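Q: Sharing a structure, written as structure tokens. Questions coming.
What follows draws every value from the coordinates through simple rules; no lab data is involved. Every value quoted in this text rests on a predicted model; they were computed, and no experiment measured them. Using ideal geometry, Cβ is built from the backbone for each residue, glycine included, and neighbour counts are taken over all protein chains shown.
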Amino acid sequence: MLVLGIESSCDETAAAVVKDGRKVLSNIISSQIDIHTLYGGVVPEIASRKHIERINYVIEEALSKAGTTLSEIDVISVTYGPGLVGALLVGVNAAKAIAYAAKKPLVGVHHITGHIAANYIEHENLKPPFLCLVVSGGHTHLVQVDGYNEFKIIGRTHDDAAGEAFDKVARAIGLGYPGGPKIDKLAKEGNPYAIEFPRAKIDGHEFDFSFSGLKSAVLNYLNTCEMKNIEINTADIAASFQQAVIDVLVSRALRAANQLSNGQIAVAGGVAANSSLRASMQESCNKNGIKLYYPSPVYCTDNAAMIGVQGYYIYMAGERSGLDLNAVPNLAFGL
């Protein structure tokens, strides 16, 4: 079965062809990072316009690279939320037009479930149930995956997402956008224990997260150094901030896995590409006898292959979307 996946929730215009839910035949991503870097972050109106310019070319390239044609595609799957409404509409309308014209079934995919499904691409032995830590620019969730289409949120952020905190701190210390990869790189030159930044805990919610206080602590530290004319070591700040985030993410995930007697943890989302998070999570999982899974970096950031994979499992469960499918920027997730 061939699934054409389409993703346009933020600033990547992407299309992919996936075979039988696990094998990626093509995965084309047209990034807008260079454009949005000029503004220090994603500008929604610009993102939407660039999606319109690129969507058809990206889909055509995905089909061509997969060595297939639209007539051979069995299912069209597309991200319909959450995300930037204008950006989502481009992908959703393209998918609906193709499904209508080619008389193909349409499946709408929740963006977060797509990130979780990215783990299936390179790990053939990974099957539910397992625990998934989803960490991206817009989301930080601990999700119990009970089935390919069964998700239960057991932990979530109360304010900033981890990736959002990375971007804001990167901007504050002059690294610019995108913050995650730049902090990851700079942190390798710094001391992760040079500065004691807070690790927030939420009373009554042992698996939840909060990164707003950590972000504020970094800003306060920078302001204090400036007022007292203290030299700022940006590498130490980046390393210490990153270590605080990683300590919280890893400790919550391991505690949840141990309490739920779950021997499998997957990590997903853009922050899952962070080298220090991967190393720390691997070390902790090894000590606790837990199997760890994570996608290659190309499948951590927004891509259409993950949407094709999850679309396959939704279709196999008998679910279909109508041509009235609409973009839902604040689409809810889980139970």
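Q: For a paramagnetic label modelled at 7 Å from the Cα of K65 toward its Cβ, which residues of region 17-32 fall within the zone defined by backbone nitrogen distances under 16 Å?
A: 17-19, 23-32
Q: For region 154-222, which chymotrypsin sites (Phe, Trp or Tyr not before Pro) are both in a DSSP coil and crowded by at most 16 other Cβ atoms within 10 Å?
A: Within region 154-222, the qualifying chymotrypsin sites (Phe, Trp or Tyr not before Pro) (loop, at most 16 other Cβ atoms within 10 Å) are Y193.
Q: Same structure again: Between E189 and Y57, what is the spin-label point distance in nm, taking each point 7 Å from the Cα along the Cα→C-beta axis?
A: 3.5 nm
Q: Something else: For K19, which lysines qualify as cross-link partners when the Cα separation must be under 24 Å and same-chain residues fewer than eight apart are set aside?
A: Filter leaves K65, K96, K103, K104, K127.
Q: Is the C-alpha gyration tensor of region 278-322 telling us rounded, prolate or oblate? Criteria: a/c under 1.5 is rounded; beyond that, a/b larger than b/c is prolate, otherwise oblate.
A: Verdict is oblate for region 278-322.
Q: K228 to R199: FRET efficiency via 1/(1 + (r/R0)^6), r the Cβ-Cβ distance, R0 22 Å, to the nearest 0.05?
A: Here the calculated transfer efficiency is 0.30.
Q: Let me ask something else. Work out the length of the dipole vector of region 128-295 about its Cα centre, built from +1 on the beta-carbon of each Lys and Arg and -1 on the beta-carbon of each Asp and Glu, and round it to the nearest 20 debye.
A: 240 debye
Q: Give the longest segment of the chain that steers clear of GluC sites (Glu not before Pro) in DSSP loops with at most 12 neighbouring Cβ atoms within 10 Å, not counting the sites themselves.
A: 1-123
Q: Something else now. Using the Cα gyration tensor of region 25-172, with a ≥ b ≥ c the square roots of its eigenvalues, what is the shape: rounded (a/c below 1.5), prolate (a/b larger than b/c) or oblate (neither)?
A: oblate
Q: For the chain, which DSSP H helices look membrane-span-like by this rule: Cα extent along the axis of 24 Å or more and mean Kyte-Doolittle of at least 1.0?
A: 85-102
Q: For S26, enumerate residues with amide H under 5 Å from its amide H, sequence gap 5+ or separate chain, H modeled in the peptide plane.
A: V17
Q: Mind counting lysine pairs for me in region 128-295? Cα separation below 25 Å, and the two need to be 8 or more apart along the chain or on different chains.
A: The number of close lysine pairs in region 128-295 is 15.
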